[in-house]
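A short worksheet on the structure shown next.
The values are calculated or read from the model by the stated rules, or taken from the named source; none is laboratory data. As the structure is a computational prediction, the values presented were derived from the model and not from experiment. Ideal geometry is used to build each Cβ from the backbone, glycine not excepted, and the neighbour counts take in all protein chains shown. In case anyone asks, the SASA skips ligands and DNA or RNA and just uses the protein heavy atoms, side chains included. Shrake-Rupley method; radii C 1.70, N 1.55, O 1.52, S 1.80 Å.
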Amino acid sequence: MNYAAISMSFIKNTLTLIIILIIFYSIILHEISHALVSYWQGDDTAKMMGRLSLNPFKHIDIFGTIILPLLTYFTMGIILGYAKPVPLNPYNYKNIKVGTGLSALAGPVTNILIAIVFALIFHLTQGQQIIPYICQMVVFFNLLLAFFNLIPIPPLDGSKVLGMLLPDAAFYKFMAQEHIGMITIIFILLVSGLLGFNIIGRLIIPPINFTMQLLGVGGIF
């Protein structure tokens, strides 16, 4: 029996599990930040429904947490996903466009802040092997979540951030395209993955690598 191989396999699987757990909670924090900023603006919908919680079972979404990660893994070679979107009522905001945009922006900003924190840990643990590797992966996946969600296609966060700049009529018309937007995203992922173009990957990987270099943790691709 090759005990060395078994040991290496165990270590690799353990590291993968740790990274997955950190990323999962990064996704949860992404959603909680939406709810928190919404609450600060006068909307307590998410709080009343128990979504200001770190309990993972309150945030699991069948498509975003299970199907989409599998889809992006087999089409793009990377894992993208999201937790169950928090319930928000924009009519509780003083300004619907601004409130919606700020609540949406909170998610990607949270992932960028998580990336910065783990980049700091990366630098503080130089000389070790395991912790810097974990940190590098966590930085990458949080930046992946941030930049993917900033794509301005409804229902992604970037569409709501862009919506703050649109005239009122255009804003409401744009926000009404969420279902079509999601179908468009899935179509792009499937077709570009099958044809080897990886359009979304080509769009978000360069800024991810640039930011990782800026944080001093190196690039992945």
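Look at (1) more than 30 Å from Gly193 (Cα to Cα); (2) touching a helix residue (DSSP H, G or I) at 6+ places or on another chain (Cβ under 8 Å); (3) open to solvent by 20 Å² or more (accessible area, probe 1.4 Å); (4) in contact (Cβ under 8 Å) with a residue 24 or more places away in the chain and you find that Lys94 fails only one, number (2). A search for C-beta distances below 6 Å between a residue of the stretch 180-200 that is farther than 17 Å from Leu70 by Cα and any residue that is open to solvent by less than 40 Å² (accessible area, probe 1.4 Å), counting only pairs 6+ apart in sequence or on different chains, returns Gly181/Pro154; Gly181/Pro155; Ile199/Ser192.
Here's the yes/no breakdown for (1) modelled with pLDDT of 90 or more; (2) within 18 Å of the chain's Cα centre (by Cα); (3) within 30 Å of Ile134 (Cα to Cα):
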site	(1), (2), (3)
Pro167	yes, no, no
Ala170	yes, no, no
Ile180	no, no, no
Val191	no, no, no
Gly201	no, yes, yes
Phe210	yes, yes, yes
Gln213	yes, no, yes
Gly218	no, no, yes
Phe221	no, no, yes
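If you go through the stretch 197-220 and keep only what is surrounded by fewer than 16 Cβ atoms within 10 Å (Cβ to Cβ) and part of a helix (DSSP H, G or I), you end up with Ile199, Arg202, Leu203, Pro206, Pro207, Phe210, Gln213, Leu214.
Here the helices (runs of 4 or more DSSP H) wholly within the stretch 1-106 that include at least 1 residues being under 26 Å from Phe118 (Cβ atoms), modelled with pLDDT of 85 or more and among the hydroxyl-bearing types (Ser, Thr, Tyr) are 3-40. Of the residues making up the stretch 144-176, those that are part of a loop (DSSP other than H, G, I, E, B) and open to solvent by less than 30 Å² (accessible area, probe 1.4 Å) are Ile151, Pro154, Leu156. Restricting attention to the stretch 177-196, the residues that are open to solvent by 50 Å² or more (accessible area, probe 1.4 Å) and closer than 23 Å to Pro87 by Cβ add up to 5. Filtered by the rule that a residue be within 18 Å of Asn55 (Cα to Cα), touching a residue at least 60 places away in the same chain (Cβ under 8 Å) and surrounded by fewer than 17 Cβ atoms within 10 Å (Cβ to Cβ), the stretch 12-39 gives a lone residue, Ile18. Residues that are open to solvent by 10 Å² or more (accessible area, probe 1.4 Å) and part of a loop (DSSP other than H, G, I, E, B): does the stretch 116-127 have at least one? Yes - at least one qualifying residue is present in the stretch 116-127.
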